[in-house]
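The values are calculated or read from the model by the stated rules, or taken from the named source; none is laboratory data. Since the structure is predicted, the reported quantities are computational estimates derived from the model, not experimental observations. Cβ placement follows ideal geometry from the backbone for every residue including glycine, while neighbour counts extend to all protein chains displayed. Accessible surface areas use protein heavy atoms only, side chains included; no ligands, DNA or RNA. Shrake-Rupley method; radii C 1.70, N 1.55, O 1.52, S 1.80 Å.
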Amino acid sequence: MGPTAAPLLTGSEIRDARRLVESQGLAFEDGWDEMVGIHDTGIVPSPGEGSHLVAVAARAGCVLKMFAVEESHQGGETVGALVTALTSLGRRAGHDAFLVFTRPESARSFEHCGFRLLVATGAVALLECGGGLERYLEANRPLRRPGRNGAVVVNGNPFTRGHQFLIEAAASRVDSLYVFVVREDRSAFPFDVRFRMAAEATSHIPNVVLLDTSRYAVSAATFPSYFLRRSDERARLQMEVDVRLFGAHLAPAFGIAARFVGHEPYCDTTAAYNATMKAVLPSYGIDLVEVERVAAGRRYISATDVRTALAAGDFAALDALVPPSTLSFLRSRAGLEIAAALAASREP
């Protein structure tokens, strides 16, 4: 009978897990939903300690992470036992596909557990089990159009005149323009609102096709640092994974030969992401086209400035920053509720 992984629940178990993870040169990350471990009851513990923890892993949403296994227990069925326990818990929580980041040299262990390699860089590999990417592409098959197509990825938190200008400029240069709206719900404006604002503000552009990114572009699964606004080495690796996932899988499915971005004068994370796209996308035959952002007065339009004006109730300023359709939502009851939440979050 092989090893069995069980949930780690007590404070001492979590402290043991942290020690094991950090002993492997990995960062112990908070914010997980479940953590499981394997104990070797054959090892005599030190006085006052329980059985010896030899393997650990955690799940955050659909992402499996922090796999750490003592060298004496590597190989065999250890990783499989951790994966089995976490995916079982994840399915109970409503997930049907799972992603894992790992070192490239460890990818084979996960492939033996039913994972498919999606992207590999020199330092990190991203794999998936459950066929989520295939289902996403198949569900969006009816949206595929022939020709030389382009793409814009927007969060739209909320949708501004800057987003509208970028999409109009991009659409004029390609046969069809796919506008991917970030599905991740970690923004002030929920996904369904952001998608509706993007649809209404671009309805006059006949060659625009809207779809959501699911978990396969700028998501907490592929690029969590985007939502934390970090610019460290880990964020750089996540940027490359996210861009390569787009280049290897999303772009070919929709005939995308160009990705359009607005130039970024304010946010270091977005500027670094643009630079990563410029370096990586050409290897997939995709041009990165940077469009000069549109200004209102002396500043380029940004969603950050829109949220600031909204929190202050400055609708005169908002009129110059957002399309009429977005302004209509901001004046609605739902929009005013978001404004109140933004104002409250800015109080000292």
Which residues, counting only those in segment 18-33, are within 11 Å of ALA57 (Cβ to Cβ) and outside any loop (DSSP other than H, G, I, E, B)? LEU20, VAL21
Among residues of segment 168-212 being assigned to a loop (DSSP other than H, G, I, E, B) and among the small types (Gly, Ala, Ser), the residue farthest from ASP242 (Cα to Cα) is SER203
Scanning segment 14-31 for residues that are farther than 17 Å from HIS73 by Cα and either touching a Pro at 6+ places or on another chain (Cβ under 8 Å) or in contact (Cβ under 8 Å) with a residue 40 or more places away in the chain (or both) gives LEU26, ALA27
Pairing a residue in segment 246-274 that is free of Cβ contacts under 8 Å to residues at least 24 places away in the same chain with any residue that is assigned to a strand (DSSP E or B) and open to solvent by 30 Å² or more (accessible area, probe 1.4 Å), where Cβ atoms lie under 7 Å and the two sit 6 or more apart in sequence or on different chains, gives ASN274/GLU290
Is segment 219-229 home to any residue that is among the small types (Gly, Ala, Ser), more than 21 Å from VAL294 (Cα to Cα), open to solvent by 10 Å² or more (accessible area, probe 1.4 Å) and outside any strand (DSSP E or B)? yes
Scanning segment 250-274 residue by residue, those open to solvent by 10 Å² or more (accessible area, probe 1.4 Å), closer than 17 Å to ALA235 by Cβ and part of a helix (DSSP H, G or I) turn out to be ASP268, THR270, ALA271, ALA272, TYR273, ASN274
With the first residue restricted to segment 194-210 and required to be without any contact (Cβ under 8 Å) to a residue 24 or more places away in the chain and closer than 12 Å to THR160 by Cβ, and the second required to be open to solvent by 60 Å² or more (accessible area, probe 1.4 Å) and among the acidic types (Asp, Glu), Cβ contacts under 9 Å at 6 or more apart or on different chains are none
Exclusive hit being in contact (Cβ under 8 Å) with a residue 60 or more places away in the chain and more than 20 Å from LEU237 (Cβ to Cβ), set LEU126, LEU82, LEU99, LEU118: LEU82
Quickly run through segment 107-125 and pick out the residues that are touching a Ser or Thr at 6+ places or on another chain (Cβ under 7 Å) and within 23 Å of ALA253 (Cβ to Cβ). ALA125
Can you tell me which condition THR269 does not meet? The list is (1) β-branched (Val, Ile, Thr); (2) touching a helix residue (DSSP H, G or I) at 6+ places or on another chain (Cβ under 7 Å); (3) at pLDDT 85 or above, and all the others hold. (3)
Would you say ASP185 is open to solvent by 10 Å² or more (accessible area, probe 1.4 Å), of a type outside the set (Lys, Arg), out of contact with any helix residue (DSSP H, G or I) (no Cβ under 9 Å at 6 or more places or on another chain) and over 25 Å from ALA248 (Cβ atoms)? no
Does segment 275-287 contain any residue that is assigned to a strand (DSSP E or B), modelled with pLDDT of 95 or more and farther than 16 Å from ARG161 by Cα? yes
